[in-house]
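No value in this document is a laboratory result; all are computed from the given coordinates. In this text, all values refer to a predicted model and were calculated from it rather than measured experimentally. Note: ideal-geometry Cβ built from the backbone for every residue, glycine included; neighbour counts use all protein chains shown.
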Amino acid sequence: MSSKGDRYGMTKISACVLAAALLAATALVWPEPAMADDVQDARQLVEKARLAFENFMADKDLGPSVRSLVKRAKGVLIYPQVLKGAFIWGISGGSGVMLSYDERAGKWGGPAFYTIGEASFGLQIGGEASEVILVALTDRGVASLLSTSAKLGADVGIAVGPVGAGAEAATANLSADLVSYSRAKGLYAGISLEGAVVAVRGGLNKAYYGKEVTPTAILIQREVTNPQAAGFIGAVSKAAGK
């Protein structure tokens, strides 16, 4: 009787051990799809940012003005899609990627990943989504975007870029830390970014580079690179002529 009880007890213990092992294995495997999704999202966002940037460059109204600023920019932050309806519910309006220019090395680097939100954007043409580009003209503008979050207009000065006749010449007199442009449905959208909050997307930075990394490490110290960003960097370098 005792032997039978011992065998029953051992069987019960083995079953518990097996269940625990299966549970542990599940816990170890479970995060992988989420990480894989982040990697895919990051790669797609970089490609969308490249296309959005090229859209700005090809725009007959915005292109000349944006290009003249990019030529003297210290950084560019591009949001391929900012949704105006998202702000009603208090969630981020969109995600974007930033490149910075290293004057000593003479080249662009990045990208680092960001969100934008917490503001009520007014689209002059009533579009549901817009492409947005922020051009950093000063070291202060770049530095403000390296922090965990920055409120545009409060933590850093921002101006809406000039559009239309004489816009390219007008860029020479701009002294703001950041200058913004926006397009919706292929047209000038007239978004005011005053009060918007730009925040770091640490999860996408980690997924894209394979480790925890800060915007400073990516954009200033250049501790990491990803060859998949070559097309995006090349498009900005070409437009900037540097």
Checklist outcome for this item: Zone reached by a paramagnetic label modelled 7 Å from ASP102 Cα along Cα→Cβ, restricted to segment 178-221 with backbone N below 14 Å, covers 216-221
Checklist outcome for this item: Taking every other residue with Cβ under 13 Å from the Cβ of ALA229 and scoring Lys and Arg +1, Asp and Glu -1, one gets +4
Next on the checklist: List the residues, sorted by chain then number, that are 5 or more residues from VAL160 or on another chain and whose placed amide H is less than 5 Å from its amide H.
Outcome noted: SER180
Checklist outcome for this item: Residues whose modelled amide H sits under 5 Å from the amide H of GLY75, counting only those 5 or more places away in sequence or on another chain, are TYR101, ALA136
Item to check | J(HN,Hα) series, segment 190-201, from Karplus relation 6.51 cos²θ - 1.76 cosθ + 1.60, nearest Hz, glycine and proline x | outcome: x, 7, 9, 9, 4, x, 5, 10, 9, 10, 6, 9
Next on the checklist: Can you compute the modelled spin-label distance between GLU47 and LYS238, with each label point 7 Å from Cα toward Cβ, in nm?
Outcome noted: 1.7
Checklist entry - Dipole size in debye (nearest 20) for segment 34-240 around its Cα centre, Lys and Arg Cβ +1, Asp and Glu Cβ -1? => result 380
Next on the checklist: For the pairs LYS60/LYS107; LYS48/LYS211; LYS206/LYS238; LYS151/LYS211; LYS107/LYS206; LYS60/LYS238, flag any whose C-alpha to C-alpha distance is greater than 25 Å.
Outcome noted: LYS60/LYS107; LYS206/LYS238; LYS151/LYS211
Next on the checklist: How much length would be gained if the chain were fully extended between VAL224 and GLU54, taking 0.36 nm per residue of separation minus their Cα-Cα distance, in nm to one decimal?
Outcome noted: 58.7 nm
